[in-house]
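Have a look at the structure below before the remarks.
The values are calculated or read from the model by the stated rules, or taken from the named source; none is laboratory data. What you see is a predicted model, and the numbers here were worked out from it, not measured in a lab. Cβ sites come from the backbone with ideal geometry, for glycine too, and all protein chains shown count toward neighbours. Areas reflect the complete protein model, heavy atoms only, side chains present, ligands, DNA and RNA absent. Shrake-Rupley method; radii C 1.70, N 1.55, O 1.52, S 1.80 Å.
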Amino acid sequence: MLEEVFDDLLRFVFPRADHVFDMKRGFEFLEKELGEMYQDPEKKSDTKFVDKLVKVYQKDGSEEWVLCHVEVQGTNDKEFAKRMFKYYARIFDRFDRPMTAIAIFTGRDGKKSPGMYVRKYAGAELTYKYNTLCILDYEDRSLAASRNPFALVMLAAKKALLKGKNLDDILLKEKLAVAKLLIKRGYSEQKTNAILSFLHNYVRFEKPETNRIFESEIDRITGKMNTMGIIEQVKQIKLAEAKAEGLKEGLTQKETAVVKNLLAETSFSDRKIADIAGVSEAFVKQLRRATK
């Protein structure tokens, strides 16, 4: 998911990201290089990490390393700042390039997590500061109002922290609200699918039945006639995109229903709906006029 919305993450953290970074050149995710510098055995067994080392190009043509460290943890980790500094030192030693770092705290103790590493001894002093995002610092209303897709990622992650009785009923309502907002925004298929999959897998229901209800509702919104699960749905949408140009006009009742649902439930353009449903843009325009 992070790879699909990485440009939006940069915009969320750095207000002038589009003036500094060359988004059109894309990014290179250096998984192998990062793995060689820091091994998993040093990480605690009760903590999950997602670490990204990303090559980003600046508008002036130079390169800049961005280390994005996403952490999900149940308790405040006193070694976190030290570990962030170790990343910096090892990346600097290997590449000697300008670098920035982003730590995203998604746990309940995120506000207690440090944003710097300090070490002093006998007149020598080291201070390493890095960028931090704590999901609890942002109100649901402001995240929902933002036009940045990463804001919906933050909003989805917050739902995993909900507590209380009848939690599945609460989560069902909240997850559907995020999903509907995401679909209506009309982001690219890749971003929409990535965030939907994140919402499905990261914010889990206790009861399988609640999950089936959620998937059925998503199917209804996107025009699916049979519940197949979001992950399978993502695969089907991508397959439809790949074959869209080669499909001949010979529409089934199901394809027509898909188009009708997308017209009713989203603000997608005719071209986007045609790509998703695997039909011609002319057919979408014709059906839009017929349903007004």
### Query
Inside the stretch 251-269, can you point out the residues that are modelled with pLDDT of 80 or more and among the charged types (D, E, K, R)?
K260
### Message
I'm told K180 meets every condition in (1) open to solvent by less than 60 Å² (accessible area, probe 1.4 Å); (2) of a type outside the set (S, T, Y); (3) in contact with a helix residue (DSSP H, G or I) (Cβ under 8 Å, 6 or more places away or on another chain) except one. Can you identify the failing condition by its number?
### Response
(1)
### Residue in the stretch 10-28 that is nearest to I135 (Cα to Cα), counting only those that are touching a helix residue (DSSP H, G or I) at 6+ places or on another chain (Cβ under 8 Å) and open to solvent by less than 60 Å² (accessible area, probe 1.4 Å)
F12
### Pairs where the first residue, in the stretch 179-195, is small (G, A, S) and the second is open to solvent by 40 Å² or more (accessible area, probe 1.4 Å), C-beta under 6 Å, 6+ apart
G186/S267; A194/M1; A194/E4
### Task
Could you tell me whether F198 is at pLDDT below 85, within 29 Å of Y138 (Cβ to Cβ) and among the aromatic types (F, W, Y)?
no
### Query
Taking R204 and the conditions (1) assigned to a helix (DSSP H, G or I); (2) at pLDDT below 90; (3) in contact with a helix residue (DSSP H, G or I) (Cβ under 9 Å, 6 or more places away or on another chain); (4) over 19 Å from V258 (Cβ atoms), which numbered condition does it fall short on, given that it satisfies the others?
(1)
### Message
So R141 passes all but one of these: (1) more than 14 Å from the chain's Cα centre (by Cα); (2) under 24 Å from D18 (Cβ atoms). Which condition number does it fail?
### Response
(2)
#### Entry: Residues that are at pLDDT 75 or above, in a helix (DSSP H, G or I) and within 30 Å of A177 (Cβ to Cβ), drawn from the stretch 270-292
D270, R271, K272, I273, A274, I276, A277, V284, L287, R288
#### Entry: K165 vs. criteria open to solvent by 70 Å² or more (accessible area, probe 1.4 Å), within 30 Å of F85 (Cβ to Cβ) and without any contact (Cβ under 8 Å) to a residue 24 or more places away in the chain
no
### Query
Is it the case that the stretch 145-162 has a residue that's closer than 19 Å to E3 by Cα and surrounded by fewer than 13 Cβ atoms within 10 Å (Cβ to Cβ)?
yes
### Residues located in the stretch 87-125, provided they are open to solvent by less than 30 Å² (accessible area, probe 1.4 Å) and assigned to a helix (DSSP H, G or I)
Y87, I91, G110
